Amino acid sequence: MATHAGGLSATPVATGTDVVAGAPAVAVRGLVRAYGEERVLDDLDLELALGEFVAILGRSGSGKSTLLRALAGLDHGVAGVGEVRVPDQVSVVFQDSRLLPWARVLDNVVLGLDGVGRRDARDAGRAALAEVGLAGRERAWPNELSGGEQQRVSLARSLVRSPQLLLADEPFGALDALTRIRMHELLRDLYDRHRPAVLLVTHDVDEAIVLADRVVVLDRGRIAVERRIDLDGARDAADPRFAAIRTELLDALGVERKDVTA
């Protein structure tokens, strides 16, 4: 067994399991991840319920993306210990849509879809594209799509696999403000219809409040703050309760806010 700094094992610990009714969809216990002598995740514990939407905030280097990669099983060779339990069906959406430029949209959506015949896969792919508002664009090339449309294809590619856990690593970070608002509405609508557990990594405090049921702030690889978003109905940034939550999270992130007077 390979070992690294501090005697940490490089053996991956993420495991796929069936989600039992009443059990968490994700269970992280004592998770440590290190690069050299630096611990990026430090004895982290976290649970996500099936159907829960959790957003992760934190400054650069706080461990957000490292946590997501551990849950996705994409951190092979990284020094670490701990227990990570995730469902069998996990999909990942990245900031870069990662579409194959030489494959048409529908082929990108169904690429690697296992366990179904070609016709069934393509029917499922068309249905997923329709859900994200891209019906009729099945034969388009990725370079014919806008950035927002490419991310819609990426979401369709994740949905077609019927994930129990959707991991999203700053999926809207490269989009303009108006497109990002539209994608927020789309993601929340898709979440309400399919109800996977969702872990969203973001730098955007307002995005976290708009989308998530619970927000977790990481600091130096540990959970500094957990905040349930108890806002009913549409989440409006002009709502004083929204503003209060924003202030609490910005404080947890160490963001200095200057008083503005008339």
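Cβ-Cβ distances below 7 Å connect the following pairs, each with a first residue in segment 216-235 that is in a loop (DSSP other than H, G, I, E, B), a second residue that is among the β-branched types (V, I, T) and surrounded by 14 or more Cβ atoms within 10 Å (Cβ to Cβ), and a separation of six or more residues or different chains: G221/V40; I229/I209; I229/V215; I229/I245; R235/I209; R235/V210. Remark: pairs (first residue in segment 85-106, more than 18 Å from S162 (Cα to Cα); second residue hydroxyl-bearing (S, T, Y) and crowded, with 21+ Cβ neighbours inside 10 Å; Cβ separation under 6 Å; 6+ apart in sequence or on different chains) = S97/S154. Pairs meeting the criteria (first residue in segment 172-186 and modelled with pLDDT under 90, second residue in a loop (DSSP other than H, G, I, E, B) and not small (G, A, S), beta carbons under 8 Å, at least 6 apart or on different chains) are G173/Q95; G173/T202; G173/H203; G173/D204; A174/Q95; A174/D96.
In summary, strands (runs of 3 or more DSSP E) completely within segment 20-134 and bearing 1 or more residues that are over 21 Å from the mean Cα position of the chain (by Cα) and loosely packed, with under 14 Cβ neighbours inside 10 Å occur at 24-35, 38-49. Being free of Cβ contacts under 8 Å to residues at least 12 places away in the same chain, of a type outside the set (S, T, Y), surrounded by fewer than 16 Cβ atoms within 10 Å (Cβ to Cβ) and in a helix (DSSP H, G or I) is true of D189.
Of all the criteria given as (1) at positive phi; (2) surrounded by fewer than 21 Cβ atoms within 10 Å (Cβ to Cβ), the one not satisfied by V255 is (1). Among the numbered conditions (1) closer than 30 Å to S146 by Cα; (2) among the hydrophobic types (A, V, I, L, M, F, W, C); (3) at pLDDT below 95; (4) touching a Gly at 6+ places or on another chain (Cβ under 6 Å), the only one that L31 does not meet is (1).
Per the listing T202, T247, the residue uniquely among the β-branched types (V, I, T) and out of contact with any helix residue (DSSP H, G or I) (no Cβ under 9 Å at 6 or more places or on another chain) is T247.
The values are calculated or read from the model by the stated rules, or taken from the named source; none is laboratory data. All figures in this text were calculated on a predicted structure; none of them were measured in a lab. Please note: Cβ atoms are built from the backbone with ideal geometry, for glycine as well, and neighbour counts cover all protein chains shown.
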